[in-house]
Amino acid sequence: MRVYKTAEIRNVAVVGHGASGKTSLVDALAFVAGTSKRHGSVKEGTALTDYTPDEIERKYSINLALGVAEWMNTKVNLIDTPGYLDFTGEALAGVWAADGALVVVSATGGVEVGTEKVWDYGEQRGVPRMFFVSLMDKEHADFEKVYRQIKQLLTPKVIPVEIPVGEGQEFHGIINLFSQKCHLYKKGTKAGEYEEVDVPGEFRARFEQYSKELIERIAETDDTLLERYLGGEEIGRDEAIAAMKAGMLRGELFPLFCGAAELTYGTRALLSKLVELMPAPHERPPVEGAKWGSAERVTLQVDDAKPFVAQVFKTISEPHVGDVTYFRTYAGIVKNGQEVWNAPREAAEKLNHLCVAIGKERSEIGELHAGDIGVVAKLRDTHTNDSLSTREFPFVLPKIPFPEPIITVAVEVKQRGEEDKLSTGLHKLSEEDPTFHHEYNAELGQTLIRGLGERHLEIVVGRLARKFGVHALVTKPKVAYRETLKGRAEGQGKHKKQTGGRGQYGDCWIRVAPLPRGSGFVFEDKIVGGVIPRSYIPAVEKGIVEAAQRGPVAGYPVVDFKVELYDGSYHDVDSNEQSFKMAGILAFRNVTPNARPTLLEPIMEVEVWTPEEYLGAVMGDLSARRGHILGTDPAGRLTTVKALVPEAELDRYATNLHSITHGRGTYRQKFHLYQEVPPEVAHKVTEARKKELQEAKAS
């Protein structure tokens with residue numbers, strides 16, 4: 001592949017809901033352009049950008065991947081992204097690395113939850129977008145219905161540039177409103193070839209209606225054109241395309257195309273419009289960032305003459321290769337073998353074997369110009385979201401705002417001795433995927449993994465086995481309960497041991513009392529007259545703190561209480577720190593059962609975003625989870641519900657919310673406070689905890 005200059009590059013993220021035909025479209029575009037030599041198929045596991053074992057087996061995209069189409073002396077970098085919500089981090093990264101987005105909508109499924117999600121990503125990023133109604137050859141395909149849905153659910157600024165000739169099995173052509181010609185396809189066409197004819201008579205009225213709408217909408221974006229149009233003057237094709245491109249850059253127009261990727265129908269016209277309508281990198285607004293170590297914001301124009309700046313938007317680990325890094329350049333020319341600088345990590349990296357990726361194939365290239373996308377293997381200290389630059393101009397770009405994980409499960413190894421391999425594997429996978437987090441929680445004694453959905457975590461566990469040879473079991477995460485005291489009590493702790501020779505003696509009297517929630521532990525020394533020597537008093541406190549780690553109700557840590565040490569006795573010879581520590585432990589164990597101990601549970605502050613039609617169901621479900629609804633607020637297309645819900649009731653909530661709202665609801669949670677557990681729930685928790693402690697003791 002030749003080296004392309006900035007003006008000859010288009011970076012397009014191909015986004016949409018799962019199963020809308022994105023991967024088939026990328027495959028067809030690369031094949032029709034001649035960049036890919038084989039027209040692959042998702043069903044057969046031969047699609048250009050679905051090449052990992054996980055994707056071939058499941059027949060849907062999991063990872064962001066690159067295809068390239070060389071067309072009209074232009075290199076179109078096609079960033080194929082997954083459509084399922086569990087992998088939206090990949091879609092977001094794709095939109096961030098691109099200068100425009102092609103939103104693929106199924107002619108049978110229409111606008112779905114994934115379409116709305118990626119549309120919002122495009123809005124956040126402010127990139128020009130085009131729509132492509134795919135699967136026009138499938139049964140129940142309905143172009144008009146999809147057009148109405150886009151208008152109603154996404155944007156009223158959508159405007160068809162093509163209309164289909166026939167639908168479903170009858171789909172055999174496309175009328176191009178710019179050229180005012182009809183493209184008729186012959187069955188069995190290999191690369192989207194067509195016969196250009198005049199618009200057939202039966203489609204004339206529809207064509208004229210859409211053609212008039214198109215020219216009116218384009219003219220409305222430019223005062224000069226509008227004046228000419230209203231004066232009855234005809235607007236030429238080239239003028240119309242230039243005005244549409246300008247309108248797209250301003251977010252005033254979103255053109256709509258259609259086709260059938262498996263048959264390659266509509267691919268040639270789409271390729272031409274991607275080149276003509278999508279912006280080259282330098283036509284987008286400058287990027288904002290900062291010189292490392294300086295708070296001052298700096299804008300950076302996409303330009304070969306500037307110092308090199310790039311951002312890593314994807315890292316993938318490959319067997320026998322190691323980490324493969326995908327990066328988008330924003331300024332400067334970078335050459336094969338060049339040393340670059342990762343300022344925040346203070347690491348120099350050498351870009352050996354600089355490549356361009358087309359699916360799983362990578363071809364080495366001499367240099368990349370500003371705005372292009374490159375791939376390099378075996379960088380030591382660079383990961384997703386890192387910026388690369390030169391030492392002389394250490395520039396850092398804003399990070400891609402990846403979504404936070406919403407579902408947590410625990411994992412444990414099937415075979416003892418694999419704990420280190422599990423830890424290594426999880427660390428590598430979290431470096432690849434910023435939406436996947438993991439931690440070992442010492443209190444719970446569990447390794448917790450967090451992701452965007454059950455499917456996401458299922459893939460992670462599968463990769464642990466395939467890549468790292470660790471077979472992990474998924475279990476329910478435990479809840480970090482607490483205990484506290486509701487009453488006052490007092491009593492003695494006496495440790496006396498005589499074993500011949502020097503013995504052990506410690507004796508203390510304590511009073512315990514509750515404190516307000518969140519106060520922690522307070523220890524008060526009320527000893528008078530030296531009944532316990534000063535040097536032993538800290539040992540009593542240590543003993544109480546240690547004993548408080550296993551409370552009297554169910555063995556959970558005790559919080560928010562006060563202890564007064566008010567009396568005791570000692571022995572001149574047998575007393576020591578250890579004896580008084582034991583006395584403190586015994587005092588705590590003897591006294592707290594009489595201080596009305598109770599179980600506390602963590603309460604989470606939950607925010608749910610849902611369409612209005614599911615509001616009642618969402619609120620009812622939260623109430624059924626012992627939730628307390630705080631209120632609702634309209635938030636654009638969605639309504640926000642705020643509630644306080646016990647953490648124990650939120651296990652797999654993401655899956656349930658997805659089901660209730662047909663995938664359109666999202667939520668986030670954060671810790672709010674600890675609250676007393678209702679008696680009937682406390683009984684169940686206590687019984688389960690006793691069983692757990694017995695099993696732990698037995699093993």
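Some notes on this structure:
- Here's the picture: charge each Lys and Arg Cβ at +1 and each Asp and Glu Cβ at -1 in segment 599-681, and of 671, 639, 656 the one pushed furthest to the positive end of that dipole is 639.
- Over 26 Å between alpha carbons, listed pairs 467/691; 212/245; 37/75; 59/670; 22/138: 467/691; 59/670
- The angle between the Cα long axis of helix 679-698 and the main principal axis of the chain comes to about 80°, on a 0 to 90 degree scale.
- Estimated vicinal HN-Hα couplings, Hz - segment 547-564 in sequence order (Karplus 6.51, -1.76, 1.60; Gly, Pro = x): 5, 5, 6, 10, x, x, 7, 9, x, 9, x, 9, 10, 6, 8, 10, 10, 10
- Relative to the longest principal axis of the Cα atoms of the chain, the long axis of helix 615-624 makes an angle of roughly 20 degrees.
- Of the trypsin sites (Lys or Arg not before Pro) found in segment 368-438, those that fall in a DSSP loop while having at most 12 other beta-carbon atoms within 10 Å are 380, 391, 414, 416.
- All-pairs Cα distance distribution in segment 101-176, expressed in whole percent, bin size 10 Å: 19, 53, 24, 4
- Reachable aspartates and glutamates from residue 43, criterion Cα separation under 13 angstrom, eight or more residues apart if same chain: 27, 55, 57, 262
- Note on residue 635 and residue 670: their simple-model spin labels are 1.3 nm apart, each label 7 Å out from Cα toward Cβ.
- Convex hull projection area averaged over all views, the chain, Cα basis, nm²: 39.0
- With neighbours defined as other Cβ atoms within 10 Å of a residue's Cβ, the residues 155, 640 order from fewest to most as 640, 155.
- The residues neighbouring residue 393, those whose beta-carbon lies less than 11 Å from its own, together hold a net charge of +2 under the Lys/Arg +1, Asp/Glu -1 convention.
- For residue 106, the amide hydrogen comes within under 5 Å of the amide hydrogens of 134, counting only partners 5 or more places away or on other chains and with H modelled in the peptide plane.
- In plain terms, the chain from residue 613 to residue 439 could stretch by 58.9 nm, reckoned as 0.36 nm per residue minus the Cα-Cα distance.
- Amide hydrogen proximity for residue 181: with H placed 1.01 Å from N in the peptide plane, the residues at 5 or more positions away or on another chain lying under 5 Å are 176.
- Toward the positive end of the charge dipole of segment 6-282, with +1 on the Cβ of Lys and Arg and -1 on the Cβ of Asp and Glu, the farthest Cα among 51, 240, 254 is that of 51.
- Counted by neighbouring Cβ atoms within 10 Å, the residues 333, 373 run from fewest to most as 333, 373.
- With θ taken as phi - 60° and the Karplus curve 6.51 cos²θ - 1.76 cosθ + 1.60 applied, the whole-hertz 3J(HN,Hα) list for segment 70-85 is 9, 8, 6, 6, 10, 9, 9, 7, 9, 9, 7, 10, x, x, 6, 5 Hz, x standing for glycine and proline.
- For segment 287-396, with +1 on Lys and Arg beta carbons and -1 on Asp and Glu, the positive-most of 379, 327, 357 along the dipole: 379
- Histogram of C-alpha separations across segment 6-102, 10 Å bin width, %: 18, 51, 27, 3
- Local electrostatic count, residue 353, Cβ distance below 11 Å [Lys/Arg +1, Asp/Glu -1]: +2
- Of all lysines in the structure, the ones whose alpha carbon falls short of 22 Å from that of residue 562, not counting any fewer than 8 places away in one chain, are 486, 494, 526, 542, 581.
- For the chain, a simple Cβ point-charge model (Lys and Arg +1, Asp and Glu -1, everything else neutral) yields a dipole of about 2160 debye relative to the Cα centre.
- Taking Lys and Arg as +1 and Asp and Glu as -1, the other residues whose beta-carbon sits under 13 Å from that of residue 149 total -1.
- For segment 409-475, the Cα-based Rg and Dmax, in that order, read 10.8, 30 Å.
- Residue 142 versus residue 361: modelled label distance in nm, points set 7 Å from Cα along the beta carbon direction: 4.1
- Put in order of Cβ neighbour count within 10 Å, fewest first, the listed residues 619, 136, 1 become 1, 619, 136.
- Size of charge dipole - segment 16-67 - debye, nearest 20, with Cβ of Lys, Arg +1 and Asp, Glu -1, no other charges: 140
- Over the chain, DSSP H runs of length four or greater, each weighted -39,500 (n - 2.57), average out per residue to a 222 nm ellipticity of -8500 deg cm²/dmol.
- Under the Karplus curve 6.51 cos²θ - 1.76 cosθ + 1.60, θ = phi - 60°, whole-Hz ³J(HN,Hα) for segment 242-250, x wherever Gly or Pro sits: 4, 5, 5, 4, 5, x, 5, 4, 8
- Dipole magnitude (debye, nearest 20) for segment 327-460, charges at Cβ of Lys, Arg, Asp, Glu: 280
- Between helix 204-220 and the chain: long-axis angle, C-alpha atoms, 0 to 90°, nearest 10: 70
- Cross-link partners of residue 306 among lysines, defined as those whose alpha carbon lies under 16 angstrom from its own and excluding same-chain residues fewer than eight positions apart: 5, 291, 335.
- Along each principal axis, Cα extent of segment 6-282, largest first, Å: 60, 40, 37
- Computed Rg/Rh of segment 60-142, alpha carbon atoms with Kirkwood Rh: 0.97
The numbers here are math on the coordinates, done by the rules we state, and not lab data. Predicted, not measured: the structure shown is a model, and the values here were computed from it. Ideal geometry is used to build each Cβ from the backbone, glycine not excepted, and the neighbour counts take in all protein chains shown.
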